[in-house]
Amino acid sequence: MFIDILTIFPALFENIFEYGIIRRAQKNNLVTIQAHNLRDFTYDKHHVVDDRPFGGGEGMVLKPEPMFRAIEYLTHKSEPQTLSVALLSPQGKTFNQEMALRLSKLSRLILICGRYEGVDERVNQTLITEEISIGDYVLSGGEFAAIVIIDAIIRLIPSALGCQDSTENESFSSGLLDSPVYTRPALYRGMEVPVVLQNGNHKEIAKWRRRKALEKTLLMRPDLLEKAPLSKEDLKILQQIKKEKT
Ligand code: ADE
């Protein structure tokens, strides 16, 4: 997979992908990440990328010409059906695990880091295939959103984690939050690891984990339960948990 970032601050990305899973995925040629400076696609002496908005108003707008040149340069060889040109902005569709999974299957993802008041609408209308927000808050630009999205995507590329199970069982992939985890020592400062986890009965452990995942989701993110695939047994357990809590 190729990930291109179009930004006015390419230096921000110099070391950020040099750690852990992302570093390993790049070393194993599963992904190539490149940050491109939007100013390199300007023709004027001062490398101007922004200008005042037509009609007046606050702030500056990213100019269309460098954007068109940059995106055309980055897309000219890619098959359109396996490419996404995503603008990062607070107006976009909210990023989630499902979107991460879809994007992880593309052969090329171009992330456009919006800045200032936004990008000239003609860029949006002709070149952008989707607009993504990482949440309902305003960042000073799309750069940190790009980092979040890249991290979430890369760990979903088959073999990036080493063990496929690791993404299937984690929070959101199952539609539920994770159950709690423990490690040695079994007794620490008077707090004991639940006995069921210590006795090696895998059926009982799976049942305990499911119950805890349901309990945690009900407490922290009840909205997720509306969409999560739940069995009859899960629904029974949820009723029990609700009864116990009242
Ligand atoms: N740029 C500014 N705010 C943003 C957000 N919430 N998500 C993505 N890009 C942004």
### Query
Between residue 119 and residues 5 or more places away or on another chain, which pairs have amide H atoms under 5 Å apart, with H built 1.01 Å from N, and which residues are they?
62
## Note on the structure
the chain: relative contact order from alpha carbon pairs under 8 Å, six or more residues apart, as a whole percent, is 18
### Message
Can you give me the C-alpha center-to-center distance between the range 71-114 and the range 120-186, rounded to a whole angstrom?
### Response
13
### Summary
One would report the antiparallel percent of DSSP beta bridges in the chain, rounded to the nearest 5, as 20
### Query
Hey, if you drop one equal point scatterer on each alpha-carbon of the range 2-164 and run the Debye formula without solvent, what base-10 log of I(q)/I(0) do you get at q = 0.19 Å⁻¹?
-1.27
### Task
For the range 1-74, build the convex hull from the C-alpha positions and give me its volume per residue in Å³.
119
#### Entry: Most mobile listed residue (81, 97, 34) in the chain, GNM with C-alpha springs under 10 Å
81
### Query
Tell me, what % of the accessible area of the range 93-167 is carbon and sulfur with a 1.4 angstrom probe?
52
### Query
Per the helix-only calculation at 222 nm, which mean residue ellipticity applies to the chain, given -39500 (n - 2.57) for every DSSP H run of n ≥ 4 and division by its residues, nearest 500 deg cm²/dmol?
-10500 deg cm²/dmol
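Sort the following peptides by mean Cβ neighbour count (other Cβ atoms within 10 Å, averaged over residues), highest first: 120-128, 105-113, 227-235, 152-160.
Ranking, from highest mean packing down: 105-113, 152-160, 120-128, 227-235.
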#### Entry: Mean separation of Cα contacts under 8 Å (6+ apart) over length of the range 173-244, as relative contact order %
42
#### Entry: Fraction of accessible area attributable to carbon and sulfur, the range 173-244 (%, probe 1.4 Å)
55
#### Entry: Semi-axes of the equivalent ellipsoid for the range 173-244, Cα gyration tensor, largest first, Å
25, 13, 12
### Task
With a 1.4 Å probe and every protein chain left in place, work out the accessible area per residue of the chain in Å², rounded to a whole number.
63
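The values are calculated or read from the model by the stated rules, or taken from the named source; none is laboratory data. Quick caveat: nothing in here was measured; it's all calculated off a predicted structure. When we count neighbours, we look across all protein chains shown, and the Cβ atoms used for this are built from the backbone with ideal geometry, even at glycine. In case anyone asks, the SASA skips ligands and DNA or RNA and just uses the protein heavy atoms, side chains included. Shrake-Rupley method; radii C 1.70, N 1.55, O 1.52, S 1.80 Å.
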